[in-house]
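Q: Okay, here's the structure, questions in a sec.
What follows draws every value from the coordinates through simple rules; no lab data is involved. Predicted model only: the values in this text are computed from it and were never measured. All Cβ positions, even for glycine, are placed from backbone atoms using ideal geometry, and neighbour counts span all protein chains on display.
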Amino acid sequence: MTDYENILVERKGRVGIITLNRPKALNALNAALMREVVVAAQEFDADHGIGAIVITGSDRAFAAGADIKEMATLSYQEVYLDGLFSGWKAFTELRTPVIAAVAGYALGGGCEVAMMCDILIAADTAKFGQPEINLGVIPGMGGTQRLIRAIGKAKAMDLILTGRTMGAEEAERAGLVARVVPAADLLDTALEVATTIAAKSLPVAYAAKESVQVAFESTLSEGLRFERSTFQSLFALADQKEGMAAFTEKRDPHFING
Ligand code: CAA
């Protein structure tokens, strides 16, 4: 496996785990960390022995945002030519389901990376926010687009314009977070969810993820057409025959995976 300086990478069965690991900067997302996350996630994505990915941080911070110190003095020329933050796009193009396990601060880019994931599980200590306005900028990794889709205009505007933070309970009520668990149970819960997903048929999990993602980028009729043709195409898979036979025979299915 590749050597990393800003993240820890391990696998547990069919689950790949990426832990953001810049504790001195509350996991601030500098360019090197972003590159490492993308490489590690793409390696897992290419490995058919991996059926789900968990990305997490520390008890204190999932990530406190983009690295302010790294970008503070950059010129427009530099950020435009380098396409600042555009490297995260590859993370959103993974086919493997990704679960964000968030404890502590998920601010700015931290909240935005969590929103790039497919399922967001929060510890009761989690704090979400888009405080970029306090720095004289706006969210730049998708915050103004994904937050409104996740929680609607009223709360998205409230968070983005005031820069306030939102606790885990409020985030769950608002629809940003799938589950809130005690901090001590966060990783176990995320691994349990990931292991459950990783035991499904891998191509069917890819298809389910892709079909849900299409909902964010299409009209209802286009999305329904995509879903229907994808659904029908799954009848070409042995896993569909196995899944339905297993139901009929009252046994657990054994998917091909790996
Ligand atoms: N970038 C760089 N360094 C950061 C950082 C960040 N986003 N967040 C925290 N750190 C560093 C601090 O500078 C500090 O380092 P030093 O010890 O060397 O001074 C260390 O992490 C610990 O932080 P604090 O001492 O500030 O810890 P705290 O408990 O007092 O406060 C906090 C925690 C409220 C999260 C505070 O650190 C904070 O407000 N951080 C910045 C949050 C923020 O504005 N995020 C948005 C960034 S911009 C962005 O993300 C753009 C985008 O859309 C992509």
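Q: Which of the helices (runs of 4 or more DSSP H) contained wholly in region 9-124 include at least 2 residues that are surrounded by fewer than 22 Cβ atoms within 10 Å (Cβ to Cβ)?
A: Details: elements: 31-46, 68-71, 76-82, 89-92, 109-116.
In region 9-124, the matching helices (runs of 4 or more DSSP H) lie at 31-46, 68-71, 76-82, 89-92.
Q: Is it the case, given these coordinates, that ILE138 is farther than 16 Å from ASP59 by Cα, within 12 Å of the ligand (Cβ to nearest atom) and either in contact with a helix residue (DSSP H, G or I) (Cβ under 9 Å, 6 or more places away or on another chain) or not in a helix (DSSP H, G or I) (or both)? Let's see the steps before the verdict.
A: Working: farther than 16 Å from ASP59 by Cα: yes; within 12 Å of the ligand (Cβ to nearest atom): yes; either in contact with a helix residue (DSSP H, G or I) (Cβ under 9 Å, 6 or more places away or on another chain) or not in a helix (DSSP H, G or I) (or both): yes.
Yes.
Q: Going by what's in this entry, would ASP59 be described as within 16 Å of the ligand (Cβ to nearest atom) and under 22 Å from LEU147 (Cα atoms)?
A: No, not satisfied.
Q: Of the conditions (1) within 16 Å of the ligand (Cβ to nearest atom); (2) under 19 Å from ILE17 (Cα atoms); (3) out of contact with any Leu (no Cβ under 6 Å at 6 or more places or on another chain), ALA123 clears all except one; give me its number.
A: So the condition that ALA123 fails would be (3).
Q: Moving on. It is to be established whether one or more residues within region 189-204 are part of a strand (DSSP E or B) and among the β-branched types (Val, Ile, Thr). Walk me through how you get there before you give the answer.
A: Going residue by residue through region 189-204, those that are part of a strand (DSSP E or B) are none.
No, region 189-204 contains no residue that is part of a strand (DSSP E or B) and among the β-branched types (Val, Ile, Thr).
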